[in-house]
Amino acid sequence: MVNFAGWSMPVQYALSHLESHLHTRQHCSLFDVSHMLQTKVFGRDRVKFMESLVVGDIAELKPDQGTLSLFTNEEGGILDDLIVTSTSEQHLYVVSNAGCREKDWALMQGRAEELRAAGGDVHLEVSENALLALQGPSAVQVLQTGVSDDLAKLLFMSSAVMGVFGVPGCRVTRCGYTGEDGVEISVPVGRAVELVELLLRDPQVQLAGLAARDSLRLEAGLCLYGNDIDETTTPVEAALVWTLGKRRRLAMDFPGAPVIVPQIKGKVKRKRVGLISTGPPIRPHMPILSPEGRPIGEVTSGCPSPCLKKNVAMGYVEGEQSQVGTVLVVEVRKKSCPALVTRMPFVPTRYHTLK
């Protein structure tokens, strides 16, 4: 067990890190992600409220459709990444990171108070539900045996409220942070242990901890807030331009837009890239050098890939050195290790989308 954002979290369970990682890719694993902040946003001005804080087009979301978005500040820095779902129950359902819990809540509360003071209608409610992530190619097959809804109709980043193995009122969202197909289940906290035990009755399901969650998300090319993105990085530098709604770019009406939007067609001094190497593992904070040995950046995440049997990493390098196929060098314990700038995700994702 380790301290993670103020929560005591397991690094691994019965399976080793490697076994758990591969089990998720081959079957499915259950992650307890109840430490995430779940917020409900009510009121007729809920969309206006959320769009005053994030870069995404929340107004265009269909009922029970969600999107990954970013809280940004006026300097264009990323305050947190989050998922916003426009529910058919007339509220927004927001899931943000545990490590930013106090900051995110203060940000949202402060903006809600400003809107109410100006006559707006918005109010927030923290959900006390537990949150479980069932991830892997057999995750939906396992879950389908315990729900009456046809999960084949539930596409990536969409959700529905349903009973799950006899537990009523669960919000099931087809998403996750492993690159695999799967769901996140927001379940009333008093029934969470019961649901976990029911899911674990299926031999395909194994519990997984933080170690596997980190290596899985890295193989999928997904950012970890505080490592790969933070208040000093913009969405363009972080290669997250796709999170910026087209209408929002034109209107330039989100925090930091005057900084962020010009970067899209201009040049940035640094860019997040994927790296693959052999030899000793690449770890965060290791220097990235040009082939001539000049410092040009730093690794933000890195580990040996259990699937590729190579080292995978992310880091920021000078814009001129960010092209796929560029050969760079990572300094590992004062030794120079060649690394290739590579497209992400490193391992193909398997989200359930319309073909």
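The values are calculated or read from the model by the stated rules, or taken from the named source; none is laboratory data. Keep in mind the model is a prediction, meaning the values are calculated, not measured. Here the Cβ is made from the backbone with ideal geometry for all residues, glycine too, and neighbour counts use every protein chain on show.
Between Ser34, Ser52, which is among the small types (Gly, Ala, Ser) and either more than 30 Å from Ser20 (Cβ to Cβ) or buried (at least 22 other Cβ atoms within 10 Å of the Cβ) (or both)? Criteria check complete, one pass: Ser52. Selection over segment 2-31 of residues that are surrounded by fewer than 21 Cβ atoms within 10 Å (Cβ to Cβ) and not in a loop (DSSP other than H, G, I, E, B) gives a count of 12.
Within segment 314-335, restricting attention to residues that are at pLDDT 95 or above, surrounded by fewer than 20 Cβ atoms within 10 Å (Cβ to Cβ) and part of a strand (DSSP E or B), which residue is nearest to the chain's Cα centre (by Cα)? Per the stated criteria, the residue is Glu318. Restricted to segment 236-276, and to residues that are in a loop (DSSP other than H, G, I, E, B) and touching a Phe, Trp or Tyr at 6+ places or on another chain (Cβ under 9 Å), which residue is nearest to Pro345 (Cα to Cα)? Once the filter is applied, the top-ranked residue is Ala238. Evaluating Leu200 against the criteria (1) more than 25 Å from Cys337 (Cα to Cα); (2) surrounded by fewer than 21 Cβ atoms within 10 Å (Cβ to Cβ); (3) among the aliphatic types (A, V, I, L, M); (4) outside the structural domain of Gly66 (by TED's automatic domain parsing) leaves one unmet condition, (4).
All conditions in (1) surrounded by 20 or more Cβ atoms within 10 Å (Cβ to Cβ); (2) without any contact (Cβ under 8 Å) to a residue 40 or more places away in the chain; (3) of a type outside the set (A, V, I, L, M) hold for Pro63, with the sole exception of (1). Of the residues making up segment 282-306, those that are in a loop (DSSP other than H, G, I, E, B) and crowded, with 16+ Cβ neighbours inside 10 Å are Ile282, Pro284, Met286, Ser290, Ser305, Pro306.
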